[in-house]
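Participant: Attaching a single structure in structure tokens format; questions to follow.
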Amino acid sequence: MAHRTLKSGYQQLNERINRFPQGAPPTEYLFKILKVLMSEKEATILSKLPIKPFTIQTASEVLRLNPKDTGKVLTELASRALLLDVEDLNGDRTFVLPPPMAGFFEFSLMRLRGDIDQKLLSELFYQYLNVEEDFVRDLFVTDTKLGRIFVNEPALSTVNNLHILDYERTSEIIKHSSHLAVGLCYCRHKMSHMGKACDAPLEICMTLGGTASSLIKYGYAREVGISECMSLLEKAYDHNLVQIGENEQEGLPFICNCCGCCCEALLAIKRFGTLNAINTTNFLPEIEEAKCSGCGRCVLACPVGALSISTQTLDNGTVVKKAILDETICLGCGVCVRSCNRSSLKLKHRDKRVITPVNSVHRIVRQSIETGKLHNLIFDNQALYSHRAMAAILGAILKMPPLKQIMASEQMKSNYLLALIKNYK
């Protein structure tokens, strides 16, 4: 009867993914998605690979193949964007198994393809993300957010410009990225197959750095220069799109230009009635009531429905309309400010500054602690036993608030870690 307990390659991959902060609830639709994207043999291979970056040699040892055959397997998987393949200046290759989102789910729809049924795939994604909801809830409703909002830079005043940091500016990130690429918007592409897409530009979502170089290499994104990328950013502003990037200060892999009708993150805010889906900017719009005519332009522009119109009848019978803001769901993106033709909206600073993790290690360690999976991150196939990787993880822990440090220590059951935390005070 033992054969009945054997797990399929897809189940093994699902378990592998779920050992890390960003998982994927196992459902009928998830396994249908995986079957469209890969064979069961490929799923088994992916389930054995480290989640953290690895070399051909490391994969060779894990898969028990010679390096030449391992390189062919990894290249084939990277050619379908199931792996990222990043080369350094010396030509040495490092591979990364991306999470489902932002990762291989999106990559599968970032270009028009003939090798898979994209309408079927879109329907499966829609069912998994918008009907079953568990995946989106687990993905977005967390303490440490997966993504963060960028302010619409033309909405900034001179005073705002003095207080915004470079990592909070989309333009600065674009100018300092090693590689730039543009691909199809996953969300609007998916919605187009569902007959629900809006008329916002489709080829406008940006990938950066090593992620961009891998997607360019295998034809999933088109390489662009700084000038064209900045032009696309202006085009996004003109269409009232919101810029969303990964929630970290350094090394962002993507900046998406999102609409409120198709974007999974923005839809999650509306669906779950909470701002917990994504990190806001450090700004809020302020309404100058004397100038506001209640025309509703800002209401139509807001991607999450944070603005509405209040109607009041005065004693003399005059009907007065004014815009009102729900600060609890406002992104601080500034789209509404630019939509107002009476200059009745301006950005002000939030009372409490929004904290952004320093880098992906910082963010992932925080998420691992919050989900009780820190041990999986550190002891992932012995991929992180090096002093350098361990130092990065411990450094991220030592920067955290005391409560999260205690949570980390309890999860690791480590006197060494507890001593490190105490000595760091």
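The values are calculated or read from the model by the stated rules, or taken from the named source; none is laboratory data. Since we're looking at a predicted model, the values are computed, not measured. Neighbour counts are summed over all protein chains in view; Cβ atoms, including those assigned to glycine, are modelled from backbone coordinates with ideal geometry.
Participant: Checking GLY296 against (1) crowded, with 22+ Cβ neighbours inside 10 Å; (2) farther than 17 Å from PHE150 by Cβ; (3) at pLDDT 85 or above, which single condition isn't satisfied?
Facilitator: So GLY296 meets the others, but not (1).
Participant: Please give the helices (runs of 4 or more DSSP H) falling wholly within segment 133-177 in which 3 or more residues are modelled with pLDDT of 85 or more. Even if it seems obvious, please write down each step before you answer.
Facilitator: On the way: elements: 134-140, 158-163, 170-175.
Hits in segment 133-177: 158-163, 170-175.
Participant: Would you mind stating whether GLY71 is of a type in the set (Gly, Ala, Ser) and more than 30 Å from LYS190 (Cα to Cα)? Walk me through how you get there before you give the answer.
Facilitator: Numbers: of a type in the set (Gly, Ala, Ser): yes; more than 30 Å from LYS190 (Cα to Cα): yes.
It is true that GLY71 is of a type in the set (Gly, Ala, Ser) and more than 30 Å from LYS190 (Cα to Cα).
Participant: In this structure, is ILE369 outside any strand (DSSP E or B) and farther than 23 Å from PHE272 by Cα?
Facilitator: Values: outside any strand (DSSP E or B): yes; farther than 23 Å from PHE272 by Cα: yes.
For ILE369, the condition - outside any strand (DSSP E or B) and farther than 23 Å from PHE272 by Cα - is met.
Participant: OK, next. Being surrounded by 23 or more Cβ atoms within 10 Å (Cβ to Cβ) and part of a helix (DSSP H, G or I) is the requirement here; does ALA181 meet it? Don't jump to the end; show me each part of the working.
Facilitator: Values: surrounded by 23 or more Cβ atoms within 10 Å (Cβ to Cβ): yes; part of a helix (DSSP H, G or I): no.
In short, no.
Participant: Here is a follow-up. On the basis of being more than 24 Å from SER213 (Cα to Cα), at pLDDT below 95, assigned by TED's automatic domain parsing to the domain that holds GLU15 and not in a helix (DSSP H, G or I), does PRO50 make the cut?
Facilitator: Working: more than 24 Å from SER213 (Cα to Cα): no; at pLDDT below 95: yes; assigned by TED's automatic domain parsing to the domain that holds GLU15: yes; not in a helix (DSSP H, G or I): yes.
The answer is no for PRO50.
Participant: Give me the helices (runs of 4 or more DSSP H) completely within segment 251-347, filtered to those with at least 3 residues that are in contact with a Ser or Thr (Cβ under 7 Å, 6 or more places away or on another chain) and not assigned by TED's automatic domain parsing to the domain that holds SER157, ordered by residue number. Step through it out loud before you land on a result.
Facilitator: Details: elements: 264-272, 297-301, 335-339.
Counting at least 3 such residues, we get 297-301.
Participant: Based on what the data block shows, is GLY103 of a type in the set (Gly, Ala, Ser), closer than 25 Å to ALA212 by Cβ and modelled with pLDDT of 95 or more?
Facilitator: Working: of a type in the set (Gly, Ala, Ser): yes; closer than 25 Å to ALA212 by Cβ: yes; modelled with pLDDT of 95 or more: no.
Here the answer is no, as GLY103 does not meet what is asked.
Participant: So, in segment 333-356, of the ones that are in contact with a strand residue (DSSP E or B) (Cβ under 8 Å, 6 or more places away or on another chain) and of a type in the set (D, E, K, R), which residue ends up farthest from THR281 (Cα to Cα)?
Facilitator: Of everything passing the filter in segment 333-356, LYS346 is farthest from THR281 (Cα to Cα).
Participant: Please count how many residues of segment 25-81 are among the hydrophobic types (A, V, I, L, M, F, W, C), closer than 20 Å to GLU15 by Cβ and buried (at least 16 other Cβ atoms within 10 Å of the Cβ).
Facilitator: Here is the first cut: in segment 25-81, the ones among the hydrophobic types (A, V, I, L, M, F, W, C) are 30-31, 33-34, 36-38, 43, 45-46, 49, 51, 54, 56, 59, 62-63, 65, 73-74, 77-78, 81.
Next cut, closer than 20 Å to GLU15 by Cβ only: 30-31, 33-34, 36-38, 43, 45-46, 49, 51, 54, 59, 62-63, 77.
Still in the list and also buried (at least 16 other Cβ atoms within 10 Å of the Cβ): 30-31, 33-34, 37-38, 43, 45-46, 49, 51, 54, 59, 62-63, 77.
Residues that pass the stated criteria total 16.
Participant: Among (1) free of Cβ contacts under 8 Å to residues at least 60 places away in the same chain; (2) surrounded by fewer than 17 Cβ atoms within 10 Å (Cβ to Cβ), there is one condition TYR10 misses while meeting the rest; what is its number?
Facilitator: Failed condition: (2).
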